[in-house]
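*Asks:* I'd like to ask some things about the structure below.
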Amino acid sequence: MSVLLQVENLELAYGEVPVCRDLSFQVEEGEIVTLIGANGAGKSTTMRAVAGAMLPRRGRIIFDGQEVTQLPAHRRLLAGIALVPEGRRVFPALTVRENLEMGGFKFRGERQKLDAQMARMLEMFPLLRERAAQPAGTLSGGEQQMLALSRALMSAPRLLCMDEPSLGLAPLVVQDIFQSIRAANAAGTSILLVEQNARYALDTASRGYVMQTGAIIASGPCAILKQDGRVKEAYLGRR
Amino acid sequence: MTDLLTLLVQQSVNGVYLGCLYVMVALGLTLIYGVLNQINFAHADFVTVGAFAALFTATRFGTKVLGLPDTGAYLLSMVAALGAGALLGLAINAAVFAPLRERGDELRPLIATIGVSVLLENFQLWLLGPIPYQFDSPFSLETIRIGRIFFTAQSVLVVVAAALAIVALYAFMKFTFLGKALRAVAQDRETAGLMGINPNLLIALTIVIASALAGVGGALLGPVLVLTPFAGATVIVKAFAIVIIGGFGNMQGTIIAGLLVGVIEAFTVQYLGSGLIDLVVFVLLLVMLVVRPTGLIAERKEENV
């Protein structure tokens with residue numbers, strides 16, 4: 001397996017306030033990798049930096065052998081990185097179909113490719129087909145998460161970054177979402193997953209990194225992390 | 001028809017004509033606010049530049065160089081004003097607004113619009129002098145009569161131009177990829193970036209569209225303005241009032257408010273005298289701010305553009 005995403009010594013800050021220091025991790029082609037940690041550990045910030053929504057102070061991000069550290073978000077998408085942002089962030093006044101079209105913006109010159117992607121997404125999420133002409137703002141939270149996920153998949157990304165997909169959703173809906181994430185992975189998309197619900201995350205991913213106050217304190221295959229005393233105590237509940 | 005009814009219809013017709021003039025100017029303001037969340041204080045000067053571009057195209061180029069009839073020259077001058085507005089918008093965004101936005105500051109681009117306004121006014125003052133120019137539209141001389149209602153061919157031209165602009169704008173927003181992307185940027189700029197949309201390009205496009213509208217507005221307003229380098233300022237105050245009454249950033253509200261203000265103005269002239277126009281419009285504005293501060297069409301901001 002080859003390395004798809006390589007993050008080296010990343011340092012992130014909002015203005016003068018440091019959030020993360022000396023972060024290093026990687027995602028290999030075809031993997032599902034998870035970053036877990038408590039609120040405020042810097043997981044979402046790290047995701048934003050990978051997708052280009054914020055630029056790092058120091059360190060390097062290498063994607064598919066190319067340095068993308070300073071590329072803005074719209075160029076990273078062209079390189080093959082898509083982010084499903086925390087809180088879903090669908091365009092509320094655009095219809096479901098228009099939201100999907102925006103996800104496939106890079107195929108705007110290739111009508112056939114766009115139509116094919118659209119057909120795939122509507123097949124994968126039949127519920128979105130029913131709602132296609134509805135403004136996205138009228139969807140329920142779970143439906144919006146489905147839309148945000150399929151919108152990101154419209155660009156046929158090589159790396160899909162999922163930021164807190166379970167946030168605020170009912171357990172049954174969360175199961176659906178994770179099912180879809182695994183399906184996207186089975187279809188060849190590598191996935192970087194940030195999740196507060198460590199149990200879901202560790203069950204879904206093959207490898208994980210544990211973050212605490214802006215630094216990685218443990219890493220390894222999920223099966224081993226699940227047995228790690230610190231992880232058990234902090235995130236899975238004492239047993 | 002009774003005299004009263006004739007009068008009502010006649011003034012409504014006059015009002016719609018005036019309203020369409022205002023809508024051409026106010027649409028750009030509201031568009032820029034909707035997408036950039038920023039007030040453009042230089043908008044008035046794009047109107048003035050459009051008016052002068054039209055004047056010189058019609059009188060120096062259209063009739064003299066191309067040998068067009070007056071009507072043809074005026075129509076050509078509208079196209080020239082559109083182009084002049086668009087080019088100026090493109091240039092000023094690239095030179096001033098875009099670099100300031102890059103730094104992520106919100107206040108500086110706003111102040112810069114005031115700077116650009118002063119700059120454009122004084123440049124035109126230096127170039128053209130303070131004495132008002134005469135800009136006649138050949139269409140103003142042609143009167144059309146339907147029953148006992150009179151209007152000029154110019155007012156038909158204005159209404160048609162405004163209708164075309166509105167339809168084109170809606171079609172662009174609704175049916176083209178770029179138009180949808182523009183709405184996406186207006187709703188959530190950062191997330192639009194995550195879709196592979198370059199927000200800076202769409203912001204530039206917004207400014208170009210708004211400036212082009214202001215330019216055409218200038219060509220249409222030229223004949224009714226006292227055409228000096230400061231001419232735009234007299235309209236822009238009313239355009240701001242319209243944008244606020246309609247709900248800042250709301251296109252539909254702006255169009256309705258523009259027509260409303262035009263009609264109210266026509267009736268004010270009829271019943272109270274032309275000296276009271278601004279008073280009436282701004283009393284309406286104040287009442288709106290108290291009663292319905294979100295504007296005529298109160299939606300969430302992101303649903304407007």
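The values are calculated or read from the model by the stated rules, or taken from the named source; none is laboratory data. Source: prediction; values computed, not measured. Note that we place each Cβ from the backbone using ideal geometry, even for glycine, and neighbour counts take in every protein chain shown.
*Asks:* Would you confirm, using the coordinates I've provided, whether B:Ile149 is of a type in the set (Val, Ile, Thr), surrounded by 14 or more Cβ atoms within 10 Å (Cβ to Cβ) and at pLDDT below 90?
*Replies:* yes
*Asks:* Under the condition of being of a type in the set (A, V, I, L, M) and within 15 Å of B:Phe52 (Cβ to Cβ), which residue from region B:113-129 is surrounded by the fewest Cβ atoms within 10 Å (Cβ to Cβ)?
*Replies:* It comes out as B:Leu127.
*Asks:* Confirm whether B:Arg108 is of a type in the set (Lys, Arg), modelled with pLDDT under 90 and either loosely packed, with under 13 Cβ neighbours inside 10 Å or in contact with a Cys (Cβ under 6 Å, 6 or more places away or on another chain) (or both).
*Replies:* no
*Asks:* Identify all residues within region B:196-212 that are touching a Leu at 6+ places or on another chain (Cβ under 8 Å), within 14 Å of chain A (Cβ to nearest Cβ) and among the β-branched types (Val, Ile, Thr); write none if there are none.
*Replies:* Scanning region B:196-212 gives a single hit, B:Ile203.
*Asks:* Moving on. So if I check each of B:Ala257, B:Ala239, B:Ala233, which one is of a type outside the set (Val, Ile, Thr), touching a helix residue (DSSP H, G or I) at 6+ places or on another chain (Cβ under 6 Å) and surrounded by fewer than 24 Cβ atoms within 10 Å (Cβ to Cβ)?
*Replies:* Details: B:Ala257 fails: surrounded by fewer than 24 Cβ atoms within 10 Å (Cβ to Cβ); B:Ala239 fails: surrounded by fewer than 24 Cβ atoms within 10 Å (Cβ to Cβ).
The conditions single out B:Ala233.
*Asks:* Would you point out which residue out of B:Gly193, B:Gly179, B:Gly215 is away from chain A (no Cβ under 14 Å) and in a helix (DSSP H, G or I)?
*Replies:* Numbers: B:Gly193 fails: away from chain A (no Cβ under 14 Å); B:Gly179 fails: away from chain A (no Cβ under 14 Å).
B:Gly215 is the lone residue from the list that is away from chain A (no Cβ under 14 Å) and in a helix (DSSP H, G or I).
*Asks:* Further, regarding this structure: Determine, yes or no, whether A:Ala82 is assigned to a loop (DSSP other than H, G, I, E, B), facing another protein chain (nearest Cβ under 10 Å) and among the small types (Gly, Ala, Ser).
*Replies:* no
*Asks:* Looking only at region A:138-163, which residues are more than 14 Å from the chain's Cα centre (by Cα) and more than 13 Å from chain B (Cβ to nearest Cβ)?
*Replies:* Of everything in region A:138-163, those that are more than 14 Å from the chain's Cα centre (by Cα) and more than 13 Å from chain B (Cβ to nearest Cβ) turn out to be A:Leu139, A:Ser140, A:Gly141, A:Gly142, A:Glu143.
*Asks:* Among (1) modelled with pLDDT under 90; (2) assigned to a helix (DSSP H, G or I), where does B:Glu299 come up short?
*Replies:* (2)
*Asks:* Separate question: Against the definition (in a loop (DSSP other than H, G, I, E, B), touching a residue at least 40 places away in the same chain (Cβ under 8 Å), within 14 Å of another protein chain (Cβ to nearest Cβ) and not acidic (Asp, Glu)), how does A:Pro56 come out, yes or no?
*Replies:* Working: in a loop (DSSP other than H, G, I, E, B): yes; touching a residue at least 40 places away in the same chain (Cβ under 8 Å): yes; within 14 Å of another protein chain (Cβ to nearest Cβ): no; not acidic (Asp, Glu): yes.
In short, no.
*Asks:* Condition check: away from chain B (no Cβ under 13 Å), surrounded by fewer than 23 Cβ atoms within 10 Å (Cβ to Cβ) and touching a helix residue (DSSP H, G or I) at 6+ places or on another chain (Cβ under 8 Å). Does A:Ser166 satisfy that?
*Replies:* Considered against the rule, which asks whether it is away from chain B (no Cβ under 13 Å), surrounded by fewer than 23 Cβ atoms within 10 Å (Cβ to Cβ) and touching a helix residue (DSSP H, G or I) at 6+ places or on another chain (Cβ under 8 Å), A:Ser166 comes out as yes.
*Asks:* Sticking with this structure for a sec: Somewhere in region A:166-181, is a residue hydroxyl-bearing (Ser, Thr, Tyr), touching a residue at least 60 places away in the same chain (Cβ under 8 Å) and under 25 Å from A:Glu28 (Cα atoms)?
*Replies:* Checked against the condition, which is being hydroxyl-bearing (Ser, Thr, Tyr), touching a residue at least 60 places away in the same chain (Cβ under 8 Å) and under 25 Å from A:Glu28 (Cα atoms), region A:166-181 yields no hits at all.
*Asks:* Considering (1) at pLDDT 95 or above; (2) more than 10 Å from every other protein chain (Cβ to nearest Cβ), say which one A:Asp176 fails and leave the rest.
*Replies:* Checking A:Asp176 against (1) at pLDDT 95 or above; (2) more than 10 Å from every other protein chain (Cβ to nearest Cβ), the one that fails is (1).
*Asks:* Hey, another quick one. I'd like the full set of residues that are without any contact (Cβ under 8 Å) to a residue 40 or more places away in the chain, more than 8 Å from every other protein chain (Cβ to nearest Cβ) and in a loop (DSSP other than H, G, I, E, B), limited to region A:85-125.
*Replies:* A:Gly109, A:Glu110
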